[in-house]
Amino acid sequence: MRSREPESDGALMRAFVSRDQRAADELYGRFASRVYGLGIVMLGSDAAAQDLVQDTFVKVWRTAGSFDAGRGKLETWVLLVARSLAIDSLRRRVLESRSLEKIGEPQDLDLRPGPEQQATTADMAGRARRAMAALSPEQRAALELAYFGGRTSGEIAEIEGIPVGTAKTRIRTALLRLREAMGQEVGDDV
């Protein structure tokens, strides 16, 4: 049996808009793992990343007609949908935590982290600070603008006065170096 050639972005989305199951399968196959990876990086948990994949494809399904192949690549559009949903999720977390602070905790429950959790958190925070400190100033700035400032590669390029490709490279290199540094330190402790 011969495998199908990947469809162009525009053709794939036209088929998807017409609710073609093969187009849906191909779209999911192309981008689900990338959306999941984005979810892990931005949201920090497997469950949240899985939810992001589901929410992203629901939104892509609902807004598929708004995709314009003349304005950019399908991959970029799908990942921007995912990034937007991840940022919304992070904002909800902040609002929920603020709401809980206003309501206050029940008087009979002590929800403070125990000594073991405090030590684990302090250890992880220390490792993260050391890993961030090991980055070049350019990589650190790009990473902070992207993940903590919610800036796009284009915005970072404009702020830093560099080409967009350079901004993307700095972000990716910083993430890889952080992953490597955190992995080595975790492995060194075992």
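No lab work stands behind these numbers, since they all come straight from the coordinates. Predicted, not measured: the structure shown is a model, and the values here were computed from it. Please note: Cβ atoms are built from the backbone with ideal geometry, for glycine as well, and neighbour counts cover all protein chains shown.
Mind listing the phi-derived Karplus ³J(HN,Hα) values for region 78-88, rounded to whole Hz, using 6.51, -1.76 and 1.60 with θ = phi - 60°, and x for any glycine or proline?
The phi angles translate into 4, 5, 5, 4, 5, 4, 4, 5, 5, 5, 4 Hz.
If you take the charge dipole of the chain about its Cα centre, with +1 on Lys and Arg Cβ and -1 on Asp and Glu Cβ, which of A11, A23, L79 is farthest toward its positive end?
Checked the options; the winner is A11.
Principal axis lengths of the chain from Cα atoms, whole Å, largest first?
57, 44, 39
Toward the positive end of the charge dipole of the chain, about the Cα centre and with charges on Cβ (Lys, Arg +1; Asp, Glu -1), which of Y36, F67, Q54 goes farthest?
After comparing all options, I get F67.
Normalised by the residues of the chain, what does the relative contact order come to in percent, with Cα pairs under 8 Å and at least six apart? Could the numbers behind the result be given before it?
Numbers: 115 pairs, mean separation 28.5, N = 190.
Contact order relative to length: 15 percent.
About its Cα centre, what dipole magnitude does the chain give when the only charges are +1 on Lys and Arg Cβ and -1 on Asp and Glu Cβ, stated in debye to the nearest 20? Could you put the intermediate results ahead of the total?
Working: 28 positive and 28 negative charges, 137 e Å.
Using Cβ point charges on Lys, Arg, Asp and Glu, the chain gives about 660 debye.
Highest GNM mean-square fluctuation, the chain, Cα pairs closer than 10 Å: which of A32, A122, A174?
Among A32, A122, A174, the largest mean-square fluctuation in the Gaussian network model of the chain belongs to A122.
Using +1 at the Cβ of each Lys and Arg and -1 at the Cβ of each Asp and Glu in region 118-190, identify which of F148, A122, A167 lies farthest towards the dipole's positive end.
It is A167.
With n ≥ 4 as the cut-off for DSSP H runs, can you work out [θ] at 222 nm for the chain, using -39500 (n - 2.57) per run divided by the number of residues, rounded to the nearest 500?
Numbers: 8 runs with 140 residues, N = 190.
Counting only the DSSP helices, I get -25000 deg cm²/dmol.
By how many degrees, 0 to 90 and rounded to 10, does the Cα axis of helix 46-63 deviate from the longest principal axis of the chain?
Once rounded, one gets 30 degrees.
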